[in-house]
Amino acid sequence: MKHNLFKINSEMKPSGDQPKAIEALSNGIIDGLDSQVLLGVTGSGKTFTIANVIQKVQKPTLVIAHNKTLAAQLYNEFKELFPNNAVEYFISYYDYYQPEAYIPRTDTYIEKSATINDEIDRLRHNATRSLYERDDVIVVASVSCIYGLGLPENYFRGTVTLCVGQEITRKDLLTYLTGVRYERNDVELKRSTFRARGDVIEIMPSYEKVINRISFFGDEIESITRIDSVTGEIIEKPSEIVIYPAVHYLSYDEETDETLDLIRQELNNRLVELKNENKIVEAQRLSQRVNYDIEMIKEMGYCSGIENYSRIIERRPAGTPPATLLDYFNENFLVVVDESHVTLPQLKGMSFGDRARKDVLVDFGFRLPCAVDNRPLTFEEFYDKIEQKHGQKIYISATPADFEKNSSSQIVEQIIRPTGLLDPEIDVRPTIGQVNDLLKEIDKTTEKGDRTLVTTLTKKMAEELSNYLQ
């Protein structure tokens, strides 16, 4: 693992209330405070403050934003401030997502339908790779970070290190690549695919736009070349490379028979329950679906919707939380919750909607009860995972809610902007005689050679006031 230091590369220096806030927050983290609040007005440079705190405390950091747009903005800002460190982006990779659902009132089953954004998926893989390889990592994430991702130990077990001079047969390498879900494509080499021509195997990893060319001499790796996928130029000829899996969710063949037995056991138990409730149609539906999935897993190693069996595959007890992005962090990291007054309620609500939808699918025989445990973390589990990893939290908001205030050891205010500008004073006046008062203010402004902007509640009011003034 690389032990690089976080170092800001910027001509800007902290000013206004920033130096005081940086000092207070950094000292709070060093002193072991569990939670703190950065209460800063809009435009006070809270992101720059947090960047300086990260530089001072030197901790891997997870920054959570409440939507993709804000996450992208923060990602670009941190990427600019820390050009020599690993700043990663982890959001939902769906351009379109229709979850599996059933509407009993109209007897309508809606199959899962989704369109995956290839570039975002690449960035997600790059984030988990960076967390494995180095400790100078900032991951900017949306609430997607509390959804199941697959066990990190299974994911990292699927990595392979290839070295020049290493003895490995061409067949073994091809078997490995298909085992970690790379697809063979001898025509078009794109992300998460490989092609094999004679003694040369070319791999386009899941996490970067670079072709890794492995040349064999017999059963020995003769050379490794990294090539730009667009220009075809040689980037470097390293002595070794690490290849990571093409998907985050992996299970291994030696466990398959036991897994299938456990799925059958849960199916038989559930069929007994449904028949006792006289749900014959539901029992038939469930039996047909699960037996088809079992055959697919047996023959192909996976099936559509395999994540619904994740609790059984991972040998988790019922009701236990799935592995998420938080599990890929090492201990003693920092969690920054941006716009906490919006983000925390969103984190709280994700599990409730998911549970309601899954309960209906289970009740009507579309899924086994284990599907309920393929879910986002509850709010309590989210906090438990951070505590287990000895993580510390900073909430950022201009209007923090009672939860942040009550659970934090200190509230750090950042009121004065780096520019020195304060919010304009607001003068609230009575509605009686407001139009005449407005006319007087317009006259004063016009005498100075300035212009006036008047806003109204509706279009109709704007028209009436405009006519009156004319």
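The values are calculated or read from the model by the stated rules, or taken from the named source; none is laboratory data. Everything quoted here is computed from the prediction, not taken from an experiment. Neighbour counts run over all protein chains shown; Cβ positions are idealised from the backbone, glycine included. Accessible surface areas use protein heavy atoms only, side chains included; no ligands, DNA or RNA. Shrake-Rupley method; radii C 1.70, N 1.55, O 1.52, S 1.80 Å.
Could you go through region 130-149 and let me know if any residue there is over 22 Å from residue 324 (Cβ atoms) and in contact with a Ser or Thr (Cβ under 6 Å, 6 or more places away or on another chain).
Scanning region 130-149, I find no residue that is over 22 Å from residue 324 (Cβ atoms) and in contact with a Ser or Thr (Cβ under 6 Å, 6 or more places away or on another chain), so the answer is no.
Are there any pairs, at least 6 apart or on different chains, whose C-beta atoms fall under 7 Å, with the first in region 425-447 and within 17 Å of residue 461 (Cβ to Cβ) and the second β-branched (Val, Ile, Thr), and if so, which?
As it stands, the answer is 438/454; 442/452, since those pairs meet every condition given.
Provide a single number: the residues in region 178-191 that are part of a loop (DSSP other than H, G, I, E, B), free of Cβ contacts under 8 Å to residues at least 40 places away in the same chain and surrounded by 13 or more Cβ atoms within 10 Å (Cβ to Cβ).
Matching residues across region 178-191 total 1.
This table checks each residue for (1) in a helix (DSSP H, G or I); (2) among the aliphatic types (A, V, I, L, M); (3) surrounded by fewer than 24 Cβ atoms within 10 Å (Cβ to Cβ); (4) at pLDDT below 95.
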site: 12; (1), (2), (3), (4): no, yes, yes, yes
site: 16; (1), (2), (3), (4): no, no, yes, yes
site: 19; (1), (2), (3), (4): yes, no, yes, yes
site: 25; (1), (2), (3), (4): yes, yes, no, no
site: 32; (1), (2), (3), (4): no, no, yes, yes
site: 39; (1), (2), (3), (4): no, yes, yes, yes
site: 42; (1), (2), (3), (4): no, no, yes, yes
site: 55; (1), (2), (3), (4): yes, no, yes, no
site: 62; (1), (2), (3), (4): no, yes, no, no
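Can you name the residue in region 150-177 that is open to solvent by less than 10 Å² (accessible area, probe 1.4 Å) and either among the polar types (S, T, N, Q) or in a loop (DSSP other than H, G, I, E, B) (or both) and, of all such residues, is farthest from residue 325 (Cα to Cα)?
Pass one, region 150-177, residues open to solvent by less than 10 Å² (accessible area, probe 1.4 Å): 150, 155, 158, 162, 173, 177.
Narrowing the set further to residues that are either among the polar types (S, T, N, Q) or in a loop (DSSP other than H, G, I, E, B) (or both) leaves 150, 158.
Working: 150: 9, 158: 17 Å.
My answer is 158.
Applying the selection to region 97-114, what residues are in contact with a strand residue (DSSP E or B) (Cβ under 7 Å, 6 or more places away or on another chain) and under 25 Å from residue 326 (Cα atoms)?
97, 114
So, in region 449-470, exactly how many residues are without any contact (Cβ under 8 Å) to a residue 12 or more places away in the chain, open to solvent by less than 100 Å² (accessible area, probe 1.4 Å) and among the β-branched types (Val, Ile, Thr)?
Residues meeting the conditions: 3.
Please determine whether any residue of region 282-297 is without any contact (Cβ under 8 Å) to a residue 60 or more places away in the chain, closer than 21 Å to residue 255 by Cβ and buried (at least 20 other Cβ atoms within 10 Å of the Cβ).
Scanning region 282-297, I find at least one residue that is without any contact (Cβ under 8 Å) to a residue 60 or more places away in the chain, closer than 21 Å to residue 255 by Cβ and buried (at least 20 other Cβ atoms within 10 Å of the Cβ), so the answer is yes.
If you take the residues of region 228-260 that are surrounded by 19 or more Cβ atoms within 10 Å (Cβ to Cβ) and small (Gly, Ala, Ser), which of them is nearest to the chain's Cα centre (by Cα)?
Going through the qualifying residues, I end up with 246.
Can you give me the number of residues within region 314-370 that are crowded, with 19+ Cβ neighbours inside 10 Å, of a type in the set (S, T, N, Q) and not in a helix (DSSP H, G or I)?
Total satisfying the criteria: 1.
Please go through region 403-422 and pick out each residue that is more than 29 Å from residue 30 (Cβ to Cβ), of a type outside the set (Val, Ile, Thr) and open to solvent by 90 Å² or more (accessible area, probe 1.4 Å).
Result: 421, 422.
Here is a list: 263, 214. Which entry is open to solvent by less than 60 Å² (accessible area, probe 1.4 Å) and touching a strand residue (DSSP E or B) at 6+ places or on another chain (Cβ under 6 Å)?
214
Within region 96-111, how many residues are surrounded by fewer than 10 Cβ atoms within 10 Å (Cβ to Cβ), among the charged types (D, E, K, R) and under 14 Å from residue 365 (Cα atoms)?
Result for region 96-111: 1.
Under the condition of being outside any loop (DSSP other than H, G, I, E, B) and in contact with a helix residue (DSSP H, G or I) (Cβ under 8 Å, 6 or more places away or on another chain), which residue from region 192-242 is nearest to residue 165 (Cα to Cα)?
Among those residues, the one meeting the criterion is 216.
Please determine, by comparing only the residues of region 112-129 that are β-branched (Val, Ile, Thr), free of Cβ contacts under 8 Å to residues at least 40 places away in the same chain and out of contact with any Ser or Thr (no Cβ under 9 Å at 6 or more places or on another chain), which one is least open to solvent (accessible area, probe 1.4 Å).
115
Could you say whether any residue in region 420-432 is closer than 27 Å to residue 43 by Cα, in contact with a Leu (Cβ under 8 Å, 6 or more places away or on another chain) and either assigned to a loop (DSSP other than H, G, I, E, B) or aliphatic (A, V, I, L, M) (or both)?
Taking every residue of region 420-432 in turn, none turns out to be closer than 27 Å to residue 43 by Cα, in contact with a Leu (Cβ under 8 Å, 6 or more places away or on another chain) and either assigned to a loop (DSSP other than H, G, I, E, B) or aliphatic (A, V, I, L, M) (or both).
Somewhere in region 380-390, is a residue touching a residue at least 40 places away in the same chain (Cβ under 8 Å), crowded, with 21+ Cβ neighbours inside 10 Å and in contact with a strand residue (DSSP E or B) (Cβ under 8 Å, 6 or more places away or on another chain)?
no
Would you say residue 132 is closer than 24 Å to residue 252 by Cβ, open to solvent by less than 10 Å² (accessible area, probe 1.4 Å) and outside any strand (DSSP E or B)?
no
Which residue pairs have Cβ atoms closer than 7 Å, lie 6 or more positions apart in sequence or on different chains, and pair a first residue in region 317-338 that is at positive phi and among the polar types (S, T, N, Q) with a second residue that is outside any strand (DSSP E or B) and open to solvent by less than 40 Å² (accessible area, probe 1.4 Å)?
Once the first residue is at positive phi and among the polar types (S, T, N, Q) and sits in region 317-338, its partners that are outside any strand (DSSP E or B) and open to solvent by less than 40 Å² (accessible area, probe 1.4 Å) give 332/59.
Go through the residues of region 249-260 one by one and say whether even a single one is in contact (Cβ under 8 Å) with a residue 60 or more places away in the chain and touching a Lys or Arg at 6+ places or on another chain (Cβ under 8 Å).
yes
Looking for whichever is at pLDDT 95 or above and of a type in the set (A, V, I, L, M, F, W, C) here; the options are 271, 262, 250. Which one fits?
271
Which of (1) surrounded by fewer than 22 Cβ atoms within 10 Å (Cβ to Cβ); (2) under 17 Å from residue 143 (Cβ atoms) is the odd one out, the single condition residue 89 does not satisfy?
Residue 89 satisfies all of (1) surrounded by fewer than 22 Cβ atoms within 10 Å (Cβ to Cβ); (2) under 17 Å from residue 143 (Cβ atoms) except (1).
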